[in-house]
Amino acid sequence: MAQPKTLFDKIWESHVVDVQEDGTCLLYIDRQIIHEITSAQAFEGLREAGRTVRRPEAQLLVPDHNVPTTDRSLPIENEESRIQIDLLKENAEAFGLPYIELNDIRQGIVHVIGPEQGFTLPGLTMACGDSHTSTHGAFGCLAFGIGTSEVEHVLATQSLIQRPAKNMRVTVDGALPPGVVAKDLALAIIGAIGTAGGTGCVIEYAGKAVEDLSMEGRMTLCNMTIEGGARAGLVAPDRTTFDYVKGRPMAPKGAAWEQAEAYWRTLPSDPGATYDKEVTISAASIEPQVTWGTSPEMVLPISGSVPDPSGEQDGNRKRSLERAIEYMGLSAGQALTDIRVDKVFIGSCTNSRIEDLRTAAAVARGRSVADGVHAMVVPGSGLVKHQAEEEGLDAVFKEAGFDWREPGCSMCIAMNGDMLQPGERSASTSNRNFEGRQGPGGRTHLMSPAMAAAAAVNGHLSDHRELL
Amino acid sequence: MDKFTSLQGIAAPFPMVNVDTDRIIPARFLKTIKKTGLGKNLFNELRYNEDGSEKPDFILNKPAYREAGILVAGDNFGCGSSREHAPWALIDFGIRCVIAPSFADIFNNNASKNGMLLIALPQETVDKLMEDAEKGGNARLSVDLEKQRIVRPDGEVIDFDIDPFKKHCLLNGLDDIALTLQKDDKIGAFEDARKTAQPWA
Ligand code: SF4
């Protein structure tokens, strides 16, 4: 019998164009999504070398990182932002590439619109000049975040030079308790394996708790794979996946669908496939999580308190804990629920999909944002925004005093003017709490949408389950 | 791409672990459409006060390290985003080589595509080089990629490993795209086969 293969092995092997003597592979890339921040220099490189785009129809361009989330009928105030966004459009036109306009209802964050349009499909390889490309792994699509030189490489050759990754499996046994969601699971996994825990690996998420997740939940989980240091995350495609994909504008139709689905069913890892690294986690023991520090691995259950560095033996670790506590303006032993917030951000490619907005709205409904707190909801795409408005979620948020915005990356990366002021503290549903990530001197606590909404109405970090 | 053959220079000690790309170059400087000019904002938050003046204690602001060409860094250097602006900023500042116990994957790829050498060594060895770096301008390190070795100021030689393909590209300043385009017919054949087997892809 043939050697049992993992999901990763199957997708990888079916995309290898060439193997060099030293084992370096040329890997075919089926799709690329391109945004304004990491592409200008790539197109410039093509022009300088007189090269063309090998497969224009395999690209999709959309502005998201640097776009205003306020009234889109007004011109973009910041000149540099405007130049960058205009340049994306110019490059799309010059190279004949599919482009979604800022004012198109389909506009949104790269990792929200790819799946939404059916551009993301199981069994494909995908690349995007953004580390959270791992999100698309939720579909059993091998998706890599790449730098600008590699964006240029994909444009010119529709391939990437890569060495095979190691196989790692994270199995989550049992069922998540009520009120505990994919974001909590993602954070708990990073807390367990550390931010370098997946270095050199592609992580396959498996187990009942993962199978039970919706596509939105799987996307949240795979999204944060990069925070665990891995190259990509994967979930085996199943009925949940097919139901989500079917009927999407760019998904296969008719006979092609039948053929594709039959192939996708062969993708899950074979019984007996082996992994270079295995981690097992019990879902039942996970509580709602919040980060307290300046790295995603500095994470604790909401019932916890800020750690005490004096107990830490390793000198480097101790210094990093001390520095994080100081930067975050906290004190050792402080209860997490005592931490007050100034801003709340519900959005980003981690948590800005319809299901995320529904869970946040369930907490916001009939309550009000605490005095002195500014809370904003930034849908992941124009289509998410539209659906939320159809469901009346915008009204729930607005009545509670939340700011309802236009789609984009917004305060996840704080490039477009949505940002923290020095010393301000946020409850955020995004994925990074690095120093200065949401603005110089800003302090970020990561959590799920319902937890962020609870922080908004209580004015401090809180267990949202107490509000249910 | 610029070649990397050898480098003799001042090494700056940067022992912080998990140095992320937001720290190397904060997002608000990513509005540029050029690869150059980012050096002045390298490590912006650590390097400058809010009013824009330099923080005198920051390592690269100290007279002995302003010309540093090498960084001796902590574990998991370059984690976080895929922004190639991180190596661009380091290179624009003048740093062509970083030595650390480990590097984040995407940063690693991005660095080598810009002629920057990353050397991963065991923690104990990095600790020794960190001590050398602490000595400032009087303690230059020399890095020889061809021979895969670092020579410490006291003459001790430290060997390092590197992916042979990466080494070849760095030594010759090879452009990946030109190399891949030599395999154009293989890519074409792959695409043709794929069109038949998986027409939806
Ligand atoms: S929302 Fe944040 S993490 Fe996601 S693509 Fe945008 S900037 Fe990157």
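Is the range A:278-296 home to any residue that is closer than 30 Å to A:PHE119 by Cβ and out of contact with any Phe, Trp or Tyr (no Cβ under 6 Å at 6 or more places or on another chain)?
Among the residues of the range A:278-296, at least one is closer than 30 Å to A:PHE119 by Cβ and out of contact with any Phe, Trp or Tyr (no Cβ under 6 Å at 6 or more places or on another chain), which makes the answer yes.
Assess whether B:ALA120 counts as being over 17 Å from the mean Cα position of the chain (by Cα) and touching a residue at least 40 places away in the same chain (Cβ under 8 Å).
So B:ALA120 does not fit the description; no.
Out of the range A:12-40, which residues are under 14 Å from A:LYS89 (Cα atoms), facing chain B (nearest Cβ under 10 Å) and not hydroxyl-bearing (Ser, Thr, Tyr)?
Matches in the range A:12-40: A:GLU36, A:ILE37, A:ALA40.
For the structure I just gave you, tell me whether A:ALA335 is surrounded by 14 or more Cβ atoms within 10 Å (Cβ to Cβ), more than 16 Å from the ligand (Cβ to nearest atom) and either more than 29 Å from A:MET215 (Cβ to Cβ) or away from chain B (no Cβ under 14 Å) (or both).
The answer is no for A:ALA335.
Quick check on this structure: which one of B:PHE77, B:PHE93 is farther than 17 Å from A:SER149 by Cα and within 11 Å of another protein chain (Cβ to nearest Cβ)?
That would be B:PHE77, the only listed residue that is farther than 17 Å from A:SER149 by Cα and within 11 Å of another protein chain (Cβ to nearest Cβ).
Looking at the range A:76-105, which of its residues are within 28 Å of A:ILE354 (Cα to Cα), assigned to a loop (DSSP other than H, G, I, E, B) and more than 16 Å from the ligand (Cβ to nearest atom)?
A:ILE76, A:PRO98, A:GLU101, A:ASN103, A:ASP104, A:ILE105
Looking only at strands (runs of 3 or more DSSP E) that lie completely in the range B:1-115, which have at least 3 residues being surrounded by fewer than 23 Cβ atoms within 10 Å (Cβ to Cβ)?
In the range B:1-115, B:6-14 are the strands (runs of 3 or more DSSP E) which contain 3 or more residues that are surrounded by fewer than 23 Cβ atoms within 10 Å (Cβ to Cβ).
Conditions: (1) within 13 Å of chain A (Cβ to nearest Cβ); (2) modelled with pLDDT under 95; (3) not in a helix (DSSP H, G or I). B:LYS166 meets all but one. Number of the miss?
Here B:LYS166 meets the rest and fails (3).
For the condition of a type outside the set (S, T, N, Q), assigned to a helix (DSSP H, G or I) and in contact with a His (Cβ under 6 Å, 6 or more places away or on another chain), what is the one hit in A:HIS111, A:HIS65?
Result of the check over A:HIS111, A:HIS65: A:HIS111.
Could you check, for the range A:308-326, whether at least one of its residues is touching an Asp or Glu at 6+ places or on another chain (Cβ under 9 Å) and within 16 Å of the ligand (Cβ to nearest atom)?
no
Scan the range A:298-324 residue by residue and report those that are surrounded by 16 or more Cβ atoms within 10 Å (Cβ to Cβ) and either in contact with a helix residue (DSSP H, G or I) (Cβ under 6 Å, 6 or more places away or on another chain) or under 21 Å from A:ALA188 (Cβ atoms) (or both).
If the condition is that a residue be surrounded by 16 or more Cβ atoms within 10 Å (Cβ to Cβ) and either in contact with a helix residue (DSSP H, G or I) (Cβ under 6 Å, 6 or more places away or on another chain) or under 21 Å from A:ALA188 (Cβ atoms) (or both), then A:MET298, A:VAL299, A:LEU300, A:PRO301, A:ILE302, A:SER305, A:VAL306, A:PRO307, A:PRO309, A:SER320, A:LEU321, A:ALA324 are the ones that fit.
Among the residues of the range B:136-152, count how many are out of contact with any Phe, Trp or Tyr (no Cβ under 8 Å at 6 or more places or on another chain), part of a loop (DSSP other than H, G, I, E, B) and at pLDDT 95 or above.
The total comes to 3.
Output the residue which, of all residues in the range A:114-151 that are in contact with a Phe, Trp or Tyr (Cβ under 7 Å, 6 or more places away or on another chain) and among the polar types (S, T, N, Q), is surrounded by the fewest Cβ atoms within 10 Å (Cβ to Cβ).
A:THR125
Here's the yes/no breakdown for (1) more than 14 Å from chain B (Cβ to nearest Cβ); (2) over 21 Å from A:PRO379 (Cβ atoms):
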site: A:ASP86; (1), (2): no, yes
site: A:PRO98; (1), (2): yes, yes
site: A:LEU102; (1), (2): yes, no
site: A:PRO115; (1), (2): yes, no
site: A:HIS132; (1), (2): no, no
site: A:ALA156; (1), (2): no, yes
site: A:GLN162; (1), (2): no, yes
site: A:MET168; (1), (2): no, yes
site: A:THR171; (1), (2): yes, yes
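Of B:GLU67, B:GLU45, B:GLU54, which residue is of a type outside the set (Lys, Arg), farther than 27 Å from A:PHE144 by Cα and at the interface with chain A (Cβ under 8 Å from one of its Cβ atoms)?
Just a single option satisfies the conditions, and that option is B:GLU45.
Before we move on, is A:ILE190 assigned to a helix (DSSP H, G or I), more than 12 Å from every other protein chain (Cβ to nearest Cβ) and touching a residue at least 40 places away in the same chain (Cβ under 8 Å)?
No; evaluated as a whole, the condition is false for this residue.
Would you be able to say whether some residue in the range A:273-280 is modelled with pLDDT of 95 or more, in a loop (DSSP other than H, G, I, E, B) and in contact with an Asp or Glu (Cβ under 7 Å, 6 or more places away or on another chain)?
No, the range A:273-280 contains no residue that is modelled with pLDDT of 95 or more, in a loop (DSSP other than H, G, I, E, B) and in contact with an Asp or Glu (Cβ under 7 Å, 6 or more places away or on another chain).
Of the residues in the range A:124-147, how many are away from the ligand (no atom under 13 Å from the Cβ) and either touching a Lys or Arg at 6+ places or on another chain (Cβ under 8 Å) or within 22 Å of A:ASN351 (Cβ to Cβ) (or both)?
So the answer is 11.
The values are calculated or read from the model by the stated rules, or taken from the named source; none is laboratory data. Owing to the predicted nature of the structure, the values given are computational and were not obtained by experimental measurement. Positions of Cβ are generated from backbone atoms using ideal geometry, with glycine treated the same way; all protein chains shown enter the neighbour counts.
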